[in-house]
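Trainee: Input: one structure, supplied below.
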Amino acid sequence: MNIRVGYIPYLNMVPFHHNFGPSPIDADGRLVEFLSMSPRALGIEAEKGIIDAGAMSLVDSLHLSSRYEPIGAFGIGVRREAQSVLLFSKSILTSLAGGVCAVTDETSTSFRLLQLLLEIRHGLSGIRYGRISSSALFDGEAEGLLLIGDEALKAKKEGIKGFPVVTDLGEEWFKWQGTPFVFARWMARTTLRQDVKDFIESSLRSSLKFHRANQLALAMDEVSRRRLDPQDVVHYWNEFVYELSPDHHRSIQLFSELLEKVLV
């Protein structure tokens, strides 16, 4: 049976995928397939049992912890700012009370993080959240718009008319809890053979090592695709932590405890 790995085609995921996707690869006679999808879709497919491994949204990794286990300490953590998990709004955060906030359909964790920041940290109430499939379909009929990944980077660079205030959710979490946030963890199905888990872990480690040694050249490869300056790409990558620290694990615990307050 083939091994199915969820592949998220975001810029911040590039360090994990040198000689490890998105094209299929052979793992000791077993084909490893990479299925392209958003973070939220990866969680949905994992719950259905379709995905064997992937960089799972933190919310989904917690929800599916009885069926999936962490692969080493690999994940998507930040040092402080998230850079590409951004709320675009007409005014300051507290102005969202009683209003509508549009949320990209690609997110699981960032949506819950936004809820915690608005409802628990700032004590706002009456906020209605609506999903949108793309910022291109956003009609401006909301007080705020949450975007993630490459779409957030593009919107930050170009701006969104009528939404001049840009709030970085990673920065907001750090100001509140004093810990760097974690958006995803690499997870594997618990029933997956140990040699397969070991292969994935080794592949991730090798990819990160290659990435660190060749950052500028790799950034040049991304320039035409994403229309970013190579130095900006390098800076963007360097603000992420791909092997989670004790502070990141403390952040996961804090988030998990707070999450219960908005899921009741």
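Trainee: Suppose we keep only residues that are surrounded by 12 or more Cβ atoms within 10 Å (Cβ to Cβ) and of a type in the set (Gly, Ala, Ser) within region 94-129. Which one would you say is modelled with the highest pLDDT?
Mentor: Looking at the filtered set, the residue picked out is Ser110.
Trainee: A further question follows. For Ala142, only one of the following conditions fails: (1) more than 22 Å from the chain's Cα centre (by Cα); (2) open to solvent by 50 Å² or more (accessible area, probe 1.4 Å); (3) of a type in the set (A, V, I, L, M, F, W, C). What is its number?
Mentor: Going through (1) more than 22 Å from the chain's Cα centre (by Cα); (2) open to solvent by 50 Å² or more (accessible area, probe 1.4 Å); (3) of a type in the set (A, V, I, L, M, F, W, C) one by one, Ala142 breaks only (2).
For every residue, the table says whether it meets (1) over 15 Å from the mean Cα position of the chain (by Cα); (2) farther than 25 Å from Leu254 by Cα.
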| residue | (1), (2) |
| --- | --- |
| Met37 | no, yes |
| Glu47 | yes, no |
| Ala55 | no, no |
| Asp60 | no, no |
| Ser65 | yes, no |
| Glu69 | yes, no |
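Trainee: What are the residues in region 52-93 that are among the polar types (S, T, N, Q) and buried (at least 24 other Cβ atoms within 10 Å of the Cβ), if any?
Mentor: In the first step, residues of region 52-93 are kept if they are among the polar types (S, T, N, Q); the result is 57, 61, 65-66, 83-84, 89, 91.
Hits for region 52-93 are Ser57, Ser61, Ser84.
Trainee: Moving on. Looking at (1) buried (at least 19 other Cβ atoms within 10 Å of the Cβ); (2) assigned to a strand (DSSP E or B); (3) not polar (S, T, N, Q), which one does Glu33 not meet, given that it meets all the others?
Mentor: Single failed check for Glu33: (1).
Trainee: Do you know which residues across region 13-34 are at pLDDT 95 or above and under 20 Å from Pro70 (Cβ atoms)?
Mentor: Met13, Pro15, Phe16, His17, Phe20, Val32, Phe34
Trainee: Select from region 154-177 the residues that are of a type in the set (A, V, I, L, M) and within 19 Å of the chain's Cα centre (by Cα) and list them in ascending order.
Mentor: First, pick out the residues of region 154-177 that are of a type in the set (A, V, I, L, M): 155, 160, 165-166, 169.
Selection gives Ala155, Val166, Leu169.
Trainee: Please note which helices (runs of 4 or more DSSP H) are completely contained in region 215-264 and include at least 3 residues that are open to solvent by 70 Å² or more (accessible area, probe 1.4 Å) and closer than 20 Å to Tyr10 by Cβ. Explain how you work it out, then say what you get.
Mentor: Numbers: elements: 215-226, 230-238, 246-263.
Qualifying helices (runs of 4 or more DSSP H): 215-226, 230-238.
Here is a yes/no grid of residues against (1) surrounded by 20 or more Cβ atoms within 10 Å (Cβ to Cβ); (2) at pLDDT below 95; (3) of a type in the set (Gly, Ala, Ser); (4) not in a helix (DSSP H, G or I):
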| position | (1), (2), (3), (4) |
| --- | --- |
| Lys175 | no, no, no, no |
| Ala184 | yes, no, yes, yes |
| Met187 | yes, no, no, yes |
| Leu204 | yes, no, no, no |
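The values are calculated or read from the model by the stated rules, or taken from the named source; none is laboratory data. Here the structure is a predicted model, which is why all the values come from computation and not from measurement. Note: ideal-geometry Cβ built from the backbone for every residue, glycine included; neighbour counts use all protein chains shown. Ligands, DNA and RNA are excluded from the accessible area calculation, which covers all protein heavy atoms including side chains. Shrake-Rupley method; radii C 1.70, N 1.55, O 1.52, S 1.80 Å.
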